[in-house]
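Reading through the structure tokens given below for one structure.
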Amino acid sequence: MNTENIQVPTMAEMASKGEQPEVLFWVGCAGSFDDRYKKVTKAFVKILNKVGVKFAVLGEEETCTGDPARRAGNEFLFQMQAMSNIQVLDGYGVKRIVTACPHCFNTLKNEYPALGGNYEVVHHSQFLQELIDEGKVRVKEGGGFKGRKITFHDSCFLGRANNVYEAPRKVLESLDAELVEMKRCKTKGLCCGAGGAQMFKDAEPGNKEINIERTEEALDTGASVIASGCPFCMTMLSDGIKNKEKESSVEVKDIAELIAEAEDLV
Amino acid sequence: MNYLSQIAFVLVLVVAGYFLAKRIKEIRGNILLGKDVDRSDRKSERMKSMLLVAFGQKKMFKKLIPAFLHLLIYVGFLVINIEVLEFIIDGLVGTHRIFAGPLGDAYTVALNIFEFLAVAVIFSCVVFLIRRNVLKVGRFSGIEMTSWPKLDANLILVIEIILMFAILTMNATDQILQTRPDANYTETGRMVFSATLIPLFEGMSTTGLIITERVAWWFHIIGIFAFAIYITYSKHLHIFMAFPNTYYANLNPKGEMNNMDEVTTEVKAMLGVGGASSEPPAEISRFGAKDATDLNWVNLMNSYACTECGRCTQQCPANMTGKKLSPRKIMMDTRDRIDEIGKTGGDDGKSLLGDYITKEEINACTSCNACVEACPVNIDPLSIILQLRRYVVMEESSAPQSWNSMFSNIETNFAPWKFPPTDRFKWANDLKTEEKD
């Protein structure tokens, strides 16, 4: 892809031109700062550029949704974050938001309305599914995944928390790969171990790390790609793969990266 | 003679009714010690959920074998209790099998259905006893499964088996008595299952049979009343509580945490948004939950609806990796504590957090909702865990150190990690420069 003219417009730039994007891409803290997840952000932005979606980001105006603070018990901090974010979002008249983080997705979609922030919020798996359904993303025949085994790890905050199970699977099906399910999947999916603010502290004493338990289950499928749609799951599963010394044979990839790869965007 | 037994029956009925009413009032009172939460909305959706999940056993069918066996006991319980109606009328009026005459053949059919279910209940209870005590199915053990919960579970199964045998004995002896000219018992038609027990009693005298039949009758009806009172002290209370519990369960997405409006008022004041409220700040007793009375009444009702099946704990990622957290224990502790508060008034210097549930347990939760999803009667242990965490952070400021660092990162850098906010948009520049390479 000729990328010199890749565009990442901010809401501020759009507003100054008197324009309104179709959708705001909420990048999230992991998507902005975490080296691994920045690749997912970039892959998703490339897809948006390729398809010609009129989107914008908040850039430096974006701040944490407050999810980890709320789950850890700090309601004050959560509400401070939420209210200032709502001020920014409403200031720009944002109507629709897409995010690649299920935690941001859950918070923006389910928890901001109680504080006055009402938006249509979709996870990037749902957004990608829309693009595929509309024929705007069409993975070429044998996009490099034909015959490869992919397994999808359900993020708790996308799955059980919000009942989104099909969209990410539909996206993966478009790759023409062999989608294999782990023993515990969908409503019974096993957590990666990072939710509920566990990402930001060590686990309590036990006899095993949750991410190892989950990684073993993913490896049992024989898949060469573990697909996820969540930055925390990605970290936990990547660590699990390293722990199992399987980095050379098994990759942990976000669904947006897989689509971008199949589209030759990376 | 009949006169005496009628008086005895009325006495039994009154005494049982009194104790049952007293226990219902106590439990209702305990549940209402909880904070208010509005669940009066979406009535048709609630009714539907109750019909599917409680009445229809929908979530039980995630595990087929126990679901099938449980269904037999459940249907047996519902249907055999129709027969209790006849017991009560007979007992009060002094009749014997009052429905036999008017119903005719239909009575025979009904009794055969009851007997089939009685045998099915015995079968299921025996298998359940084997699963608990011989096969030792994993989810029936755990730190919270101390001697009482284990005994309680076994007692219920044994009592159910005995009650069913009482019915079958009663019917078997009744059938023999129908053939004795000196007894003059009402014809019921052949009752297939109890007929197999006839050889056991055939040699008895008519008087011996009448005594056996009466003892079995009294044993069954007194047993049912006693059982009804017993279950109010037992995990078995789910047979009633499953219904209100599924009706009043949370219908919002599982990922949504409830908003603390008392915090919103303060945050708005701090940020100077939402207009200056003329209302004086409401008296806030406590942020989050320290004791069972800080929880809401649905949380407390949940604790009485729990039958300790352990599906929640079995699915809990923290529990399966050896952490102390067990969602079932959260529910059992909540019930034990609110029971205790109901008795003592709660001024005993104890609290749910600390004396029952430790911080180590609640800190291990990943809020993954596996426990909520797993519960066959829609209990929400996560709601309690998160309210306890709120207390720890907002009242005690004693969160784990790494969480405190995460909080201060969000406060100062607007991200849970320690990155300068000015780096937040760097990825876009990287993207452009990378692509040029």
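Here are the numbers for this structure:
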| read-out | value |
| --- | --- |
| Nonlocal amide H pairs with residue A:97, under 5 Å, H built at 1.01 Å | A:24, A:120, A:121, A:122 |
| Total formal charge among the other residues, if their Cβ is under 14 angstrom from that of residue B:194, Lys/Arg +1 and Asp/Glu -1 | -3 |
| Relative contact order of segment B:197-328, defined on C-alpha pairs under 8 angstrom at six or more residues apart (%) | 27 |
| Gain upon complete extension [residue B:434, residue B:8; 0.36 nm per residue less C-alpha separation] | 144.2 nm |
| Cysteines (scope chain A) whose Cβ has no counterpart Cys Cβ under 4.7 Å | A:29, A:64, A:185 |
| Rough spin-label spacing in nm, given labels placed 7 Å along Cα→Cβ, for residue B:200 and residue A:114 | 5.7 |
| Chain B: angle of helix B:238-247 to the longest principal axis, Cα-based, in degrees nearest 10 | 40 |
| For B:407-414, mean number of other protein chain Cβ atoms within 10 Å | 6 |
| Restricting segment B:339-437 to trypsin sites (Lys or Arg not before Pro) in coil, as DSSP defines it, with at most 16 other Cβ within 10 Å | B:350, B:418 |
| Sequence-separation-based contact order of chain A, relative, with Cα cut under 8 Å and 6+ spacing, percent | 20 |
| Whole-Hz couplings from phi, Karplus 6.51/-1.76/1.60, listed for segment A:88-98; x for Gly and Pro | 5, 4, 5, x, 8, x, 5, 10, 10, 10, 10 |
| Ellipsoid semi-axes in whole angstrom, largest first, where each is sqrt(5λ) of the Cα gyration tensor of the protein assembly as shown | 59, 29, 21 |
| Dipole magnitude of segment B:84-183, debye to nearest 20 (Cβ charges: Lys/Arg +1, Asp/Glu -1, about Cα centre) | 560 |
| About the Cα centre, charge dipole magnitude for the protein assembly as shown (Lys/Arg +1, Asp/Glu -1 at Cβ), debye | 1020 |
| Centroid-to-centroid separation of segment B:337-395 and segment A:122-183 [C-alpha atoms, Å] | 37 |
| Residues with amide H under 5 Å from that of residue A:180, placed H, sequence gap 5 or more | A:150, A:151, A:152 |
| Distance histogram in 10 Å bins (all Cα pairs of segment A:104-191, percent per bin) | 16, 39, 32, 11, 2 |
| Using a Förster distance of 41 Å, the FRET efficiency for residue B:215-residue B:32 (Cβ separation, nearest 0.05) | 0.50 |
| Across A:186/B:418; B:63/B:323; A:42/A:170; A:54/A:244, pairs whose alpha-carbon gap is larger than 31 Å | A:186/B:418; A:54/A:244 |
| Cβ-placed point charges (K, R +1; D, E -1), dipole of chain A about Cα centre in debye, nearest 20 | 360 |
| Residues with amide H under 5 Å from that of residue A:254, placed H, sequence gap 5 or more | A:228 |
| Radius of gyration, Dmax [segment A:157-204; alpha carbons; angstrom] | 13.4, 41 |
| Sequence-separation-based contact order of segment B:261-399, relative, with Cα cut under 8 Å and 6+ spacing, percent | 32 |
| Of B:364, B:269, B:67, the one that fluctuates the most in a GNM where chain B has Cα springs shorter than 10 Å | B:269 |
| Cβ-based charge dipole, segment B:261-399, positive-most Cα from B:387, B:263, B:273 | B:387 |
| Residue (of B:13, B:165, B:318) at the positive-pole extreme of chain B, dipole from beta-carbon charges | B:318 |
| Chain B: angle of helix B:327-344 to the longest principal axis, Cα-based, in degrees nearest 10 | 80 |
| Karplus-derived 3J(HN,Hα), 6.51/-1.76/1.60, for each residue of segment B:66-76, Hz, glycine and proline x | x, 4, 5, 5, 5, 4, 4, 5, 5, 5, x |
| Least to most buried among B:96, B:236 (fewest other Cβ within 10 Å first) | B:96, B:236 |
| For segment A:139-262: Kirkwood Rh in Å [reciprocal of mean 1/r, alpha carbons] | 14.6 |
| For a label point 7 Å along the Cα-to-beta-carbon line of residue B:105, residues of segment B:188-205 with backbone N under 14 Å | B:189-190 |
| Average other protein chain Cβ within 10 Å of Cβ, residues B:367-377 | 5 |
| Partner lysines for residue B:343 [C-alpha distance under 18 Å; skip if fewer than 8 residues away on the same chain] | B:22, B:25 |
| Cysteines, chain B, no other Cys beta-carbon under 4.7 Å | B:125, B:306, B:309, B:316, B:365, B:375 |
| At R0 = 56 Å, FRET efficiency that the Cβ-Cβ distance of residue A:220 and residue B:347 yields, to 0.05 | 0.55 |
| For chain B, calculated [θ]222 nm from helices alone, where every DSSP H run of n ≥ 4 adds -39500 (n - 2.57) | -20000 deg cm²/dmol |
| Cα-Cα over 30 Å, subset of A:38/A:242; B:35/B:235; B:136/B:290; A:136/A:183 | B:136/B:290; A:136/A:183 |
| Of A:137, A:28, A:84, farthest towards positive along the dipole that unit charges on Lys, Arg, Asp, Glu beta carbons give chain A | A:137 |
| Inter-label distance for residue B:154 and residue B:135, nm, one decimal - labels placed 7 Å from Cα along Cα-to-Cβ | 1.8 |
| Estimated D of segment A:33-144 in µm² per second, where Rh is the Kirkwood radius over Cα pairs and Stokes-Einstein applies at 37 °C, 0.692 mPa s | 213 |
| Using θ = phi - 60° and Karplus 6.51 cos²θ - 1.76 cosθ + 1.60, couplings along segment A:121-127 (whole Hz; Gly, Pro as x) | 10, 10, 7, 5, 5, 5, 5 |
| Angle between chain B longest axis and helix B:105-133 axis [Cα atoms, degrees, rounded to 10] | 50 |
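Bear in mind these aren't lab numbers, they're just calculated from the coordinates by the rules spelled out. Computed from a predicted model, the values in this text were never measured in an experiment. Ideal geometry is used to build each Cβ from the backbone, glycine not excepted, and the neighbour counts take in all protein chains shown.
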